[in-house]
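Just below is one structure, and these are the notes that go with it.
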Amino acid sequence: MPLLDIVTYPDPILRRKALPVTQWDDHLQTLINDMILTMYAAPGIGLAAPQVGVSSRLFVTDISSGRRPQDLIVLINPEILSMEGEIEELEGCLSVPGFQEKISRAARVTIKGVTRRGEEIILTGEDLLARAFQHEMDHLEGKLFFDRLGKIKRDLLKGKLRRAEGVRGR
Ligand code: NI
């Protein structure tokens, strides 16, 4: 099974609001399998469909990086039901390689969605899992983690990203 290419900033697909998944077909199952393998290979703890060039409301996450099979979560058409508390931690993104920033996020998140088998599911995540849920939900809304920084830090990071882009483009 081939690994998928991970789209990086400033690709415009990362800024698009993803569309709901409507068909639970083989194509969807293959996409999910490939996204899981791509996430583990990266390695990363989460991957949203827009990051592999598919503007669909779907993400995979595993905060154990493949060490605990029960930690693998596939969520389709997710919606956040509630958020509580606040924690600031370093956060990065496979689509913004090489950069991490302290981002403030809710500490506890309850999310609902549909599994790859088409069953409705409600999950509550704390700390790192809560962060992963919020980060991946942001991807489905066309948001990136640095959008949540204050203006000064965000502009500084965008300057660094432009310079990194220039170096890669040479
Ligand atoms: Ni990300």
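Structure notes:
- When shorter helices are ignored and each DSSP H run of at least 4 residues is given -39500 (n - 2.57), the per-residue value for the chain at 222 nm works out to -9500 deg cm²/dmol.
- Protein-only accessible surface order, largest first, of Asp26, Asp155, Asp138 at 1.4 Å: Asp26, Asp155, Asp138
- DSSP beta bridges in the stretch 1-126 [antiparallel fraction, %, rounded to 5]: 95 percent
- When Thr8, Thr61 are compared by accessible surface with a 1.4 Å probe, the order from highest to lowest is Thr8, Thr61.
- Subtracting the Cα-Cα distance of Ile80 and Leu19 from their residue separation scaled by 0.36 nm leaves 20.4 nm.
- Solvent exposure of the chain amounts to 54 Å² per residue of accessible area, where only protein heavy atoms count and the probe is 1.4 Å.
- Taken over the alpha carbons of the stretch 41-170 as equal point scatterers, the Debye sum produces base-10 log I(q)/I(0) values at 0.17, 0.19 Å⁻¹ of -0.93, -1.13.
- Rolling a 1.4 Å probe over the protein heavy atoms of the stretch 12-168, with every protein chain left in place, gives an accessible area that is 52 percent carbon and sulfur.
- Between the stretch 1-74 and the stretch 80-139, the alpha-carbon center distance in angstrom: 14 Å
- In the stretch 98-141, the inverse of the mean reciprocal separation of distinct Cα atoms equals 11.6 Å; this is its Kirkwood hydrodynamic radius.
The values are calculated or read from the model by the stated rules, or taken from the named source; none is laboratory data. A quick note: this is a predicted structure, and the numbers were derived from the prediction, not measured. What goes into the accessible areas is simple: the full protein's heavy atoms, side chains included, and nothing from ligands, DNA or RNA. Shrake-Rupley method; radii C 1.70, N 1.55, O 1.52, S 1.80 Å.
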